[in-house]
Amino acid sequence: MKRVLLTLALLGLMVGIAFAQSKVNGSVTDAESGEPIQGVAVLIKGTTIGMFTDNDGKYSLEVPEGNTTLLFTFLGKKTVEETIGGRSTINVSLEPDFLAIDEVVVTAVGLEANRRSLGYSIQNVKADDIVNARETNLVNALNSKVAGVTVVSSSGSPGSSANIRIRGSVSINGSNSPLFVVDGVPIDNSESGNGVAGVDQSNRAIDINPNDIESLSVLKGAAATALYGIRAANGAVIITTKSGKSGKPRITVSASYTVDRANKFPERQTTFAQGRPVSGVPTYRDPFTFEGFSWGPAIADLEYDGATDYPFDVNGALVPRGQGNGVPANSYDPYDFFVDGNTLDLNASVSGGNGRSTYYLSAGRLASTGIVPNATFNRNTFKVKAGTKITEKLTAEMSANFINSGGYRIQRGSNLDGIMLGLLRTTPTFDNGNNGAGSADPTDKAAFELANGDQRSYRYGVYDNPYWTINKNPFTDDVNRVIGYASLKYELTDWLNISYKLGTDFFTDRRNGAFDINPGWSVGEVYNSFRSSTDLNSDFLIQFNKNFGSKVNVNATVGHNYFNTRVITQSSTGTTLAAPDFYHISNATDIQAGEGIFQRELVGVFGTANFSYDNFLFLNVSARQDWSSTLGPENNSIFYPAVSAGFAITELLGMSENPILPYAKLRASWGQVGNDAPFAYATANYFGSAFSGGDGFISGLSYPVFGTNAFELSSALGNSLLGPETTTTLELGGELKFFTGRLGLDVTYYSSTSRDVVVSVDLPAPTGFTSVVQNAATISNRGWEIVLNSTPVRTKDFEWNLDVNFTTYENTVDSLAEGITQIGLAGFTSTSSRAVVGEPYGAIFGSGFQRDDNGNMIIGDDGWPLQDGQTRVFGDPNPDWLAGIRNTFTFKGLSVSALLDIRQGGDMWCGTCGVINYFGTSKETEDLRNETTIFEGVKADGTPNTTEVAYADPANGLGGNYWIRYGFGGITEMSIFDTSWIRLRELTVSYSLPKSVTNALNAGDITLTFSGRNLWLQTDYPGIDPETNLTGSSNGFGLDYFNMPNTRSFGGSIRVTF
Amino acid sequence: MKKIFYIISVVGLSLTMFLSSCDLAETNIDPTRLSDVSLSLIMPSMLSQAAYNQSGNPARISGIVMQQFEGFDAQQVAYTQYNIPEITFNNYWRTGLYAGVLKDCKSIIDKAQAEGQPYYEGIAKIIQANEYGMATSMFGDIPFSEALQGIDNLSPAYDAQESVYAGVQALLDEGIELMSRSAVAGGPGADDLIFGGDAASWIATAYALKARYHMHLTKRNGASAATAALAALGNAFASADGEPDFQYEDNQIGNNPLAKFGIERPNTLVMSPVFVQKLIDNGDPRFTAYVHTDSQSFHSGANTALTWAQNASAIPLISYVELKFIEAEALLWTGASDADIETALQAGMTASMEANGVDGATYVTDNGTLAGLSTVEEKLEKIILEAYDAYYGVAFQQSWTNFRRTGYPSLTPDANGTGGLNPSGGIPRRWLYPSSENQLNADSWNAAVASQGADLLDTEVWAFE
């Protein structure tokens, strides 16, 4: 980090040095290894003149007359001051700085601060830890690395989204994702289209190429983010990308290749055939019956008839044993559908600069294929960043990052076309791949299409054969994006500067999808959407930094911010396709089109002042005033202050050389941050395009239709009084360094309360409206974040680092609107993730069994538990605590690093489990099918239940079956499971070739890395990998309904620097 | 120093002016919607929502409990076992009914009153009456007098079912009065997708609906309900041509909801074997118009013989068939001669044959007779049984209402029909209120449950007690 800042400071500062000078040169080496160090900042003390050491650790400086001292600074090393004393050669060796308390970090609005001076918690992630994670999605690369940060990837699909929360959730309807800021420009991390059905869409932070990242820091509390204003109400992830450094061009080339495999599947039964009880006897029912159940006879009791014209199996139709050709019936494994995915990531960059200007250019190409055949995600990135000194006082910088990303995505979730839905319901006696045709060539129609054009699937077209879906239900997306900025900075004096930065994040997102004609079932559909999103961000800053006397420093900033976003989405849907296998809108008979426009505008002014006294007492005061377009005209002004203090006790006590406790600092902060409404246009009533619906099972009627157009009053009631919400956070913490810094402990406690949270409150429909946007909810968060860094062993050649981060939090919904006890966040009518008063945010809500006051299940006279008519909360998807434990062993150039991820607690609704139990394809239905039980509970009269029931006695028919009698997929309570896990999230072995070898190859550095991801997972969850979420990075979580499986991956990479 | 502040002021002020000059309130005006629209633009929405409500989820589930349909997969199987939880009708109640068609009615009534447009107001009141009538027959007590008040009443109370039925008749009377006024310029025309703005047709429809909702109360009002129904029938439409038909389209954008269900939820709902067997046993000529014989399904995209589940099948808000069965039953209640009753009964059956495009003359003569039936009860059963066969596809809810108020046809409840939602195990007597009410309108919901009885499927509602 320090290097970056110095780079900026050094930009072209070696000008106007024309007078009496002396020349000093030398080299800088590592005191431990003796190797030269590249990139050490060499600065003439009291000036801004300096340079970085080159590949061989060498530097050469012209020192103006009157300057006497050189400063040598490098991250992780103690700073060295050398008096020149007339020498022309000064060689320096740098000792390690294990304390690292003077690390410079980037805080809000791009301001930099000495870590020591902060009154709030901030945590950095190293660039190597991001790149070595080998995650396509930057958000996933942060998983388990930062205390207070929870990341959940939605699935293992290429390009799928990941959900990131800093200190839990606050917003009910808006995004809870933190603000992502790249080089001072807030970027869009939105996503659209991740619902209970459809394909896995990306969150837009996926467009950032991790290889371009120089450093990343996470701002958590209100005091840290206040200056960013309302967009950082959920915290901020501050990314600084790589910059050029003065010196000869530096070229880096890297390549990595990883292989992905599905890491966990629900267990299936392999014993019973398709069918159901007929007159009390399990009877085989073949695909021609359209029936979906696997409650048929034992597969062992069936054999083939050998018919060669039977379309559903090459061996012929199934008949009872003894009536066919004696070839026993097969039990097929539908998981053979999955293949190895792979990802190839190629990157090249060149950077450098001269005295006045620097540049960084990079290109990246990532190409991945999924564990589902045909699935892809590709990302091409190009970046240029350059800075120059126009005059001695005026610096200009600009950056442009072009990204093209997208892929071929696969239907999933609650969707008759979904891969896992069709695959997991498939009966064991049906072979989706048709005798190896599908696995040999996933596009071979032999697997999914019959000779007459009908779909070949186990229910003859009701649910799609997975091979049908990947070929006949295409979905592609294509994003073109430019993130860039231009900035000017003018140094009025050495203690005052003004700067201006105009940033933009512009992208278009074109999506094309189709459901092909499914003869007998569907006439086909083509749907297109084209989204154009334009963000404009303007920052004007005046910065003041001055020492008063030797002990007091004042560092202040005032600024103005303007933000404008405009998102236009044009869509068209065409139904009734004319020809099969042709997925263009021209193929549709009836076409409906629409256009949505979202716009939001923010204006803010802000100020901050930092006071420090004698390097041990620090005080920061800041405030921001925002105006937002999404609030009611009278209530659109938002003001919020923050104050923080840091107190370095050890400095005051003169203990900085103390061998046991050289550093101890206490922090305290209090701050508020406001937020506006996440909806545009919620302040008035509107008549919109009319829609007739309200069935729940079938689509509605969208106007224009019936040869006419129509409008109707929106069922969302306008609220002209809508005002801002405010989150107030109190944060206390301390940072301790023991044993010359070999053990570091950072503990933070925070408690925050969000009031007047803007919520779209459901109204009782008899009001004539279904919702209104109100300032209603109160949501609180409190938690502990503990970071421990240690170096248990350190010798000349070997080092063992153990780093732990621990997070625990409680995220409670204290109140919602008057009379409202719960609000849906995501999910189904039957089971959903909700905000429920008095319950943890995101609680899983649904149907359950009747219980008495003591919590005993109430059992009917027939021995079956009774269903409760009213829905309620059944699970908490929030983990009790999470921890990331990283062990790193370094021996000379070899480094082995293992990141363990532990998540304790947290429930998930395994909707998949309930449904595959219903259909009789799960392992559970194999184990218990012929068993009986006495349900534990009480009868209506309070006496214990003693009535024995058979789970699935065929004599009772399907309706008497335990997994069917409570309705489709059972009731919510039957499918709630704990997701606790321990996993080896990352394993990295990397080896840097010795200088002797690299020099011989004419290279600077060569690093070889082996990376493994998710190589080991321990969990009792019965479905797929419980790190999953049906609804992507939406606010709801804890839902698994035929989600795509997650993956484990392993691969290697090489990075060469010249 | 002066220069510094000069530079800062100029740069800062000009940027601030440039970037903040846009009016924030202006930005928050939705460019994709209107703040007001004309009556003619709301009218189609109101009518299509009314038609959609009539043949959507409530119709199918009424068909299931009346054993004309049977669940084959997924939720429909649960419904067949009377596992019809409180979430079942959230969509209908919220999007279809109150914040759907009734909201549109309210928009039209308010606007028409302000603009002096009696026909718009009249049609909206007739539609509103029918929607409340259907809803109260299914749920019992429902919000009525405090409904649709927006921000002014966010927890509308439930009215007793008796008051709702009275309110339905009052709304119909108001509708008739409004439609009887002289036409004014700017009245409904092509935007009236049902009658093209014809006032007389709406008046006839209003009378037909009055007859229906009078007849719902035979259990309460006995013969006087029938007398009132007969009086209304005198002013109702006199042939199928006068029916308030909503015409759907032969595509997947504007198709009939029952056809939509067949297409979008394939193979989850099939014809009940009980009903199919009955049609076969009776030699009912409507068999091929009701059942796709290959698949025993109510729907087949290719089979154009199926009357009610074609994409372009029209749905009448109330059919001529129904009027004739109401008449037959009302005549029975009021002591008319068997011959008069038979005339009405056979007219109803014939109208049903014609609506289904089949030749049923012999069937009507053979079956449309009260011969050999001595008691009123036997004759009532006969009329309701014939209505049951004739209402298939067009008026499932009315069959369920007939069953609840007369006990016919006699059906055997599903063997697995006993559960927490239906302790008695009998055929459901009402639907559970949607879960949104218990969650969002808890006080009013609690009061309704206290007054009407537990929110269960076998709790009796006032009208059919």
### Query
Are any of the residues in segment B:178-194 without any contact (Cβ under 8 Å) to a residue 24 or more places away in the chain, closer than 26 Å to residue B:230 by Cβ and part of a helix (DSSP H, G or I)?
no
### Summary
Given the conditions (1) surrounded by fewer than 24 Cβ atoms within 10 Å (Cβ to Cβ); (2) under 30 Å from residue A:519 (Cβ atoms); (3) in contact with a strand residue (DSSP E or B) (Cβ under 7 Å, 6 or more places away or on another chain); (4) not charged (D, E, K, R), every one holds for residue B:247 apart from (3)
### Message
Take residue B:451 and tell me if it is over 30 Å from residue B:239 (Cβ atoms), outside any loop (DSSP other than H, G, I, E, B), more than 14 Å from chain A (Cβ to nearest Cβ) and in contact (Cβ under 8 Å) with a residue 24 or more places away in the chain.
### Response
yes
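For segment A:780-795, state whether one or more residues are closer than 30 Å to residue A:714 by Cα, part of a strand (DSSP E or B) and small (Gly, Ala, Ser).
To start, the set of residues in segment A:780-795 that are closer than 30 Å to residue A:714 by Cα comprises none.
Checked against the condition, which is being closer than 30 Å to residue A:714 by Cα, part of a strand (DSSP E or B) and small (Gly, Ala, Ser), segment A:780-795 yields no hits at all.
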#### Entry: Where residue A:461 falls short, out of the listed (1) facing chain B (nearest Cβ under 10 Å); (2) in a strand (DSSP E or B); (3) crowded, with 20+ Cβ neighbours inside 10 Å
(2)
### Query
Hey, does segment B:275-284 have a residue that's among the β-branched types (Val, Ile, Thr) and surrounded by 23 or more Cβ atoms within 10 Å (Cβ to Cβ)?
no
### Task
Quick one: which residue in B:438, B:402, B:416 is within 14 Å of chain A (Cβ to nearest Cβ), outside any loop (DSSP other than H, G, I, E, B) and not small (Gly, Ala, Ser)?
B:438
### Task
Please tell me if residue A:414 is of a type in the set (S, T, N, Q), assigned to a loop (DSSP other than H, G, I, E, B) and either at pLDDT 95 or above or closer than 18 Å to residue A:309 by Cβ (or both).
no
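Pick from A:696, A:700, A:646: which is closer than 30 Å to residue B:28 by Cα and of a type outside the set (A, V, I, L, M, F, W, C)? Give the steps one after another, and end with the answer.
On the way: A:696 fails: closer than 30 Å to residue B:28 by Cα; A:646 fails: closer than 30 Å to residue B:28 by Cα.
Residue meeting the stated conditions: A:700.
Quick check on segment A:979-999. Is at least one of its residues touching a residue at least 40 places away in the same chain (Cβ under 8 Å), in a helix (DSSP H, G or I) and buried (at least 19 other Cβ atoms within 10 Å of the Cβ)? Give the derivation first.
Quick first cut of segment A:979-999, residues touching a residue at least 40 places away in the same chain (Cβ under 8 Å) only: A:979-995.
Those still in the list that are in a helix (DSSP H, G or I) too: A:995.
Those left that are additionally buried (at least 19 other Cβ atoms within 10 Å of the Cβ): none.
No, every residue in segment A:979-999 fails to be touching a residue at least 40 places away in the same chain (Cβ under 8 Å), in a helix (DSSP H, G or I) and buried (at least 19 other Cβ atoms within 10 Å of the Cβ).
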### Message
Go through (1) in contact (Cβ under 8 Å) with a residue 12 or more places away in the chain; (2) assigned to a helix (DSSP H, G or I); (3) of a type outside the set (Asp, Glu) for residue B:339 and report which single condition fails.
### Response
(1)
### Task
List the number of the failed condition for residue B:87; all other conditions in (1) facing chain A (nearest Cβ under 7 Å); (2) among the β-branched types (Val, Ile, Thr); (3) buried (at least 24 other Cβ atoms within 10 Å of the Cβ) hold.
(3)
### Task
Please work out which one of (1) closer than 19 Å to residue B:42 by Cα; (2) part of a helix (DSSP H, G or I); (3) more than 13 Å from chain A (Cβ to nearest Cβ) is the condition residue B:101 fails and give its number.
(3)
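For (1) within 12 Å of chain B (Cβ to nearest Cβ); (2) aliphatic (A, V, I, L, M); (3) assigned to a loop (DSSP other than H, G, I, E, B), each residue gets a yes or a no:
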{"residue": "A:530", "(1), (2), (3)": "no, no, no"}
{"residue": "A:535", "(1), (2), (3)": "no, no, no"}
{"residue": "A:560", "(1), (2), (3)": "yes, no, no"}
{"residue": "A:569", "(1), (2), (3)": "yes, no, no"}
{"residue": "A:572", "(1), (2), (3)": "no, no, no"}
{"residue": "A:580", "(1), (2), (3)": "no, no, yes"}
### Query
Counting only residues that are surrounded by fewer than 20 Cβ atoms within 10 Å (Cβ to Cβ) and touching a strand residue (DSSP E or B) at 6+ places or on another chain (Cβ under 6 Å), how many does segment A:299-320 have?
2
### Task
Could you please find all residues in segment A:451-463 being modelled with pLDDT under 95 and either under 23 Å from residue A:527 (Cβ atoms) or among the hydrophobic types (A, V, I, L, M, F, W, C) (or both)?
A:451, A:453, A:461, A:462, A:463
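Just the residues that are part of a helix (DSSP H, G or I) and at the interface with chain A (Cβ under 8 Å from one of its Cβ atoms), please, taken from segment B:36-45.
The initial filter retains those residues of segment B:36-45 that are part of a helix (DSSP H, G or I), namely B:39-45.
B:41, B:42, B:43, B:44, B:45 - these are the residues of segment B:36-45 that are part of a helix (DSSP H, G or I) and at the interface with chain A (Cβ under 8 Å from one of its Cβ atoms).
Please go through segment B:220-265 and pick out each residue that is outside any helix (DSSP H, G or I) and of a type in the set (A, V, I, L, M, F, W, C).
So in segment B:220-265, the residues outside any helix (DSSP H, G or I) come out as B:222, B:234-239, B:243-256, B:265.
Scanning segment B:220-265 gives B:236, B:237, B:238, B:246, B:253.
Quick one: in segment A:51-68, of everything that is charged (D, E, K, R) and outside any strand (DSSP E or B), which residue is nearest to residue A:353 (Cα to Cα)? Lay out the reasoning, then the answer.
Applying the first criterion (charged (D, E, K, R)) to segment A:51-68 yields A:54, A:56, A:58, A:62, A:65.
Okay, now just the ones that are also outside any strand (DSSP E or B), so A:54, A:56, A:65.
On the way: A:54: 12, A:56: 17, A:65: 26 Å.
Per the criteria, the residue is A:54.
For segment A:611-626, check the following and say yes or no: at least one residue is within 21 Å of residue B:33 (Cα to Cα) and either touching a residue at least 40 places away in the same chain (Cβ under 8 Å) or assigned to a loop (DSSP other than H, G, I, E, B) (or both). Give the steps one after another, and end with the answer.
Taking segment A:611-626 and keeping what is within 21 Å of residue B:33 (Cα to Cα), we get none.
No, segment A:611-626 has no match at all.
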### Message
Being at the interface with chain A (Cβ under 8 Å from one of its Cβ atoms) and touching a Gly at 6+ places or on another chain (Cβ under 7 Å) is the filter here; which residues of segment B:70-79 pass it?
### Response
B:73, B:75, B:77, B:78
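Check A:544, A:598 and return the single one that is at pLDDT 95 or above, surrounded by fewer than 20 Cβ atoms within 10 Å (Cβ to Cβ) and in a strand (DSSP E or B).
Numbers: A:544 fails: at pLDDT 95 or above.
On inspection, the qualifying residue turns out to be A:598.
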### Query
Taking the stated definitions as given, is residue B:145 under 16 Å from the mean Cα position of the chain (by Cα) and among the polar types (S, T, N, Q)?
no
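Determine whether residue B:272 is surrounded by fewer than 23 Cβ atoms within 10 Å (Cβ to Cβ), closer than 22 Å to residue A:697 by Cβ, of a type in the set (Ser, Thr, Tyr) and out of contact with any Asp or Glu (no Cβ under 6 Å at 6 or more places or on another chain). Before you say what the answer is, go through the steps one by one.
On the way: surrounded by fewer than 23 Cβ atoms within 10 Å (Cβ to Cβ): yes; closer than 22 Å to residue A:697 by Cβ: yes; of a type in the set (Ser, Thr, Tyr): yes; out of contact with any Asp or Glu (no Cβ under 6 Å at 6 or more places or on another chain): no.
In short, no.
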### Query
Can you tell me which residue in segment A:689-733 is nearest to residue A:666 (Cα to Cα), limited to those that are over 35 Å from the mean Cα position of the chain (by Cα) and outside any loop (DSSP other than H, G, I, E, B)?
A:713
### Message
I'd like to check something: does segment A:795-803 contain any residue that is basic (Lys, Arg) and farther than 28 Å from residue A:219 by Cβ?
### Response
yes
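The values are calculated or read from the model by the stated rules, or taken from the named source; none is laboratory data. Not measured: the values here are computed from a predicted model. Cβ atoms come from the backbone with ideal geometry, glycine included; neighbour counts cover every protein chain shown.
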